[in-house]
Amino acid sequence: MSAAREIKLQAPAPDEDFKVDSTSDKLAGYFYKIANHEELFKIGRGFLKEVENGVGSFAFTSTGYKNSQQRTILGLCCFFDQNANYKIAIISDHLTQGVFGDLVDSSSLNSYPVGNGQDVVNYKSFHHHFDFIDYSEFIKFYENHLYTKSFDEEVAKILKNYDIVLWDVPEMEKVKEHPHFHYRISHFYESMTVIISQYASTGKHIESIKNFFSNYNINLNKVLFDTWETREQPKRKKFLGIF
């Protein structure tokens, strides 16, 4: 049974303290806006232990809480940035919106040559802290090499540049739009965490996610509770016995 822990991360607000000139301070500014540092460090240490044991690719999904996924991912990046010198990639279909947007805007554009230099996979680098890669970059390359093995080889080559890869997995409906691509890319997920609302998520929601990703041979390894928007609501049963 997975041990569920609660994480409460606050999205960066558009205030004067956060809008500073130094791009490094933008990351620090986000870190200091995290609502519960004790919980972040507890969770961060758990992921760090997995990294030290050889797991380096972590996927995150949710019962419809995209911002919670991104807050969790960026919170972990802050933790790793403060505690270890790892090279980290964030892979998302939502880079210019939501929590990542401000950091991506401050990042420099780079690219990896793929397919014998005939194609490139673009990425944005946030001042040597971590890199952002859009799922669409991999989809584009996949469509050019649909029936070859080079896709898997080239993706693996790119991911080897990183110590830690954090996947901001698209919503199930988006996954269904490119089922074969997501089946191939899911082979690179070593661990998957589902983020649920402690009060709003139902067992049916969680079971549907579990069953959906089981079709991709992906098991959900962890559960994180997000109480950001529902903390004042009456408590409901915690669904811990599913996994």
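Of Glu137, Glu143, Glu207, Glu153, all but one fail to be more than 21 Å from Asp93 (Cα to Cα), modelled with pLDDT of 80 or more and in a helix (DSSP H, G or I); the exception is Glu153. The residue pairs whose first member lies in the stretch 213-235 and is more than 17 Å from Gln69 (Cα to Cα), whose second member is at pLDDT 75 or above and assigned to a loop (DSSP other than H, G, I, E, B), and whose beta carbons are closer than 9 Å, counting only pairs six or more residues apart or on different chains, are Ser214/Leu220; Tyr216/Tyr189; Ile218/Tyr189. Any chance the stretch 120-131 includes a residue that's farther than 17 Å from Ile88 by Cβ, more than 16 Å from the chain's Cα centre (by Cα) and free of Cβ contacts under 8 Å to residues at least 40 places away in the same chain? Within the stretch 120-131, one or more residues are farther than 17 Å from Ile88 by Cβ, more than 16 Å from the chain's Cα centre (by Cα) and free of Cβ contacts under 8 Å to residues at least 40 places away in the same chain. Do we find that Lys87 is out of contact with any Lys or Arg (no Cβ under 7 Å at 6 or more places or on another chain), loosely packed, with under 15 Cβ neighbours inside 10 Å and at pLDDT 85 or above in this structure? So Lys87 fits the description; yes.
Table: residues versus (1) of a type outside the set (Phe, Trp, Tyr); (2) over 26 Å from Cys78 (Cβ atoms).
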| position | (1), (2) |
| --- | --- |
| Tyr135 | no, no |
| Ala156 | yes, yes |
| His180 | yes, yes |
| Ser191 | yes, no |
| Ser197 | yes, no |
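The set of residues in the stretch 46-65 that are outside any helix (DSSP H, G or I) and small (Gly, Ala, Ser) comprises Gly54, Gly56, Ser57, Ala59, Ser62, Gly64. Of the residues making up the stretch 166-182, not a single one is part of a strand (DSSP E or B), at pLDDT below 80 and within 27 Å of Asp81 (Cβ to Cβ).
Evaluated against (1) hydrophobic (A, V, I, L, M, F, W, C); (2) touching a Lys or Arg at 6+ places or on another chain (Cβ under 7 Å); (3) in a strand (DSSP E or B), Ile196 falls short on exactly one condition, (2). Could you tell me whether Tyr142 is among the hydroxyl-bearing types (Ser, Thr, Tyr), buried (at least 19 other Cβ atoms within 10 Å of the Cβ) and in contact with a helix residue (DSSP H, G or I) (Cβ under 7 Å, 6 or more places away or on another chain)? So Tyr142 passes the test. Could you say whether any residue in the stretch 71-83 is outside any helix (DSSP H, G or I), modelled with pLDDT of 75 or more and out of contact with any helix residue (DSSP H, G or I) (no Cβ under 6 Å at 6 or more places or on another chain)? No: zero hits. Listed by first and then second residue, the pairs linking a residue in the stretch 169-196 that is more than 23 Å from Ser150 (Cβ to Cβ) to a residue that is assigned to a strand (DSSP E or B) and of a type in the set (Asp, Glu), with Cβ atoms under 8 Å apart and 6 or more places separating them unless they lie on different chains, are Ile195/Asp226; Ile196/Asp226. Checking each residue in the stretch 94-105 for being in a loop (DSSP other than H, G, I, E, B) and crowded, with 18+ Cβ neighbours inside 10 Å picks out His94, Leu95.
The values are calculated or read from the model by the stated rules, or taken from the named source; none is laboratory data. In this text the structure is predicted, and so the values were computed from the model without any measurement. Here the Cβ is made from the backbone with ideal geometry for all residues, glycine too, and neighbour counts use every protein chain on show.
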